[in-house]
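The values are calculated or read from the model by the stated rules, or taken from the named source; none is laboratory data. Keep in mind it's a predicted model, so treat the numbers as computed, not measured. Glycine gets a Cβ as well: all are built from the backbone with ideal geometry, and neighbour counts include every protein chain shown. For accessibility, only protein heavy atoms count, side chains too; no ligands or nucleic acids. Shrake-Rupley method; radii C 1.70, N 1.55, O 1.52, S 1.80 Å.
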Amino acid sequence: MRIDKMLANMGYGTRKEVKKLLKSGIVRVDAQPIKDAKTHVDPETQEVTVYGEVVEYREYIYLMMNKPQGLISATEDAHDTTVIDILEPEDHVFEPFPVGRLDKDTEGLLLITNDGKLTHQLLSPKKGIGKRYFATIEGEVTEADQKAFRRGVVLDDGYQTKPAELEIIHSGPTSEIELVITEGKFHQVKRMFESVDKQVTYLKRISMAGLELDEDLEPGEYRELNDDEIELLHQNSSQSKE
């Protein structure tokens, strides 16, 4: 990897700013000053320092966000604030993106990473990755709804969903449920309940691929995943459900 690309990726500035840094002579590789921006280094085997401090290089970043209502799940948008907009600058430099999407008015677990391979596996329909939601429903959710969801319901555009597991927490004029789906059609949870003449009034994703939302995270807060959580995602995403 070129030294200027490595330092730019780690937040030491733009390529132009990094070149100035290199010319100043304060960047060293294995204790030797490096001034040529085209110099190739191996972050795994060589020690790179800036102002005497070791640069801890890493390629990927994995974040768990408790997405608040009002943000959209995109990298950029001309009108609305995105989940990427609220990241700290040191996380921005990795150029991460949301894994899938949550609707603007939906809260809860959102994975953000720059690991394209993992993202593809987590979103691949062939994998059947489970996503669990908590929802408040206007209307009485019944066993008949459970059976319908288990078979798969027909949405307003004629699409029949894959089987989904509906758990009734409380049933009444206003019901509370948890729902596990293995696909991610547009507004899917809301449209599934509309197909049985009920309305979702609150929706929150609480887990994905076995990863549970950290309840210590307030809406709008995020943290890095630990090694065990990253390993869990890799394991679960590599197991095909076909």
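Values for this structure:
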item: Near-label residues of region 43-60 by backbone N, under 19 Å of a point 7 Å along Cα→Cβ of residue 227; result: 44-45, 56-60
item: For residue 108, distant residues with modelled amide H under 5 Å away; result: 67, 205
item: Largest-first ellipsoid semi-axes for region 120-231, taking √(5λ) over the Cα gyration tensor eigenvalues, angstrom; result: 25, 18, 11
item: Estimated dipole of region 83-238 in Debye, rounded to 20 [Cβ of Lys and Arg +1, of Asp and Glu -1, Cα centre]; result: 1120
item: Helix-only [θ]222 nm of the chain, DSSP H runs n ≥ 4, -39500 (n - 2.57) each, per residue, nearest 500; result: -6000 deg cm²/dmol
item: Unit charges on C-beta of K, R, D, E only; dipole of region 40-101, Debye; result: 360
item: Options 173, 220, 118, ranked by Cα towards positive dipole end of the chain, top entry (Cβ charges); result: 118
item: Inter-centroid distance (Cα atoms) of region 96-152 relative to region 1-53, Å; result: 41
item: Share of alpha-carbon pairs per 10 Å distance bin for region 74-114, given as whole %; result: 27, 60, 13
item: Relative pair counts by distance (%), Cα atoms of the chain, 5 Å bins; result: 1, 6, 12, 14, 14, 13, 11, 9, 6, 4, 4, 3, 2, 1, 0
item: Size of region 20-144 as Cα extents on the principal axes (Å, biggest first); result: 72, 33, 22
item: Region 52-94: C-alpha gyration tensor shape, a/c 1.5 cut-off, then a/b vs b/c; result: prolate
item: Long pairs among 67/104; 127/198; 162/204; 67/198, criterion Cα-Cα beyond 18 Å; result: 127/198; 162/204; 67/198
item: Furthest towards positive pole of dipole, 208, 78, 65, structure part the chain, Cβ charges; result: 78
item: Given charges at beta-carbon only (K, R positive; D, E negative), |dipole| of region 1-146 in Debye; result: 940
item: Value of relative contact order over region 1-159, rounded to a whole percent, pairs C-alpha under 8 Å and six or more apart; result: 17
item: Accessible area of region 1-126 belonging to carbon and sulfur atoms, whole % at 1.4 Å probe; result: 47
item: Dipole-positive endmost among 10, 102, 24 within the chain (Cβ charges, Cα centre); result: 24
item: Amide H within-cut-off set for residue 82, under 5 Å, with H built and near neighbours excluded; result: 72
item: Nearest 10 degrees, 0 to 90: helix 227-237 Cα axis against the chain principal axis; result: 60
item: Reference-scaled alpha-carbon Rg (2.2 N^0.38 Å with N residues) for region 86-138; result: 1.36
item: Share, in percent, of DSSP beta bridges within the chain that are antiparallel, nearest 5; result: 90
